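What follows is one structure encoded as structure tokens, with my remarks underneath.
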Amino acid sequence: GIPELLFGHRSVVLGLFLHSSTNRLCSSAADKHARVWDLTDGKCLLVLRGHTGPVTSVWCDDRHVVTSSTDGTVRIWMSLSGKCVCCLDPVG
């Protein structure tokens, strides 16, 4: 079954997105990171680092993870490698 607890974030979780066809859960948190979890075994597959403020929301599909942060940016990541492929900064 689905794990009851997932350990990894060092601060409060601010956003969750379930991608049911891949059995993955994406989470965003005040620790400035987003994570991608495999719900079959509860393991963290990726830690997405790059935001300089809390990550307030997260969304994913088969290929990408999209995050937004209080740092004013939106980042697009590759969901398999965790590589940031785009950083949208409307302010700067």
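The values are calculated or read from the model by the stated rules, or taken from the named source; none is laboratory data. Values in this document were obtained by computation on a predicted structure and should not be read as measured data. Positions of Cβ are backbone-derived with ideal geometry, glycine not excepted, and every protein chain shown enters the neighbour counts. Surface accessibility is based on the protein's heavy atoms, side chains included, excluding ligands, DNA and RNA. Shrake-Rupley method; radii C 1.70, N 1.55, O 1.52, S 1.80 Å.
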query = Which residue, of SER69, SER27, is at pLDDT 95 or above, among the small types (Gly, Ala, Ser), under 9 Å from the mean Cα position of the chain (by Cα) and open to solvent by less than 40 Å² (accessible area, probe 1.4 Å)?
reply = SER27
ask   = For the stretch 31-47, how many residues meet the condition of being within 18 Å of SER21 (Cβ to Cβ), part of a strand (DSSP E or B) and more than 10 Å from the chain's Cα centre (by Cα)?
value = 2
task = For the stretch 37-46, state whether one or more residues are touching a Cys at 6+ places or on another chain (Cβ under 7 Å), modelled with pLDDT of 95 or more and buried (at least 16 other Cβ atoms within 10 Å of the Cβ).
result = no
task = Only residues that are closer than 21 Å to HIS9 by Cβ, without any contact (Cβ under 8 Å) to a residue 24 or more places away in the chain and either open to solvent by less than 40 Å² (accessible area, probe 1.4 Å) or part of a loop (DSSP other than H, G, I, E, B) (or both): list them for the stretch 48-65, please.
result = THR52, GLY53
ask   = Does the stretch 16-24 contain any residue that is at pLDDT 95 or above, open to solvent by less than 50 Å² (accessible area, probe 1.4 Å) and assigned to a strand (DSSP E or B)?
value = no
message = Looking at SER79 and the list (1) surrounded by 13 or more Cβ atoms within 10 Å (Cβ to Cβ); (2) out of contact with any Lys or Arg (no Cβ under 7 Å at 6 or more places or on another chain); (3) hydroxyl-bearing (Ser, Thr, Tyr), which single condition is not satisfied?
response = (2)
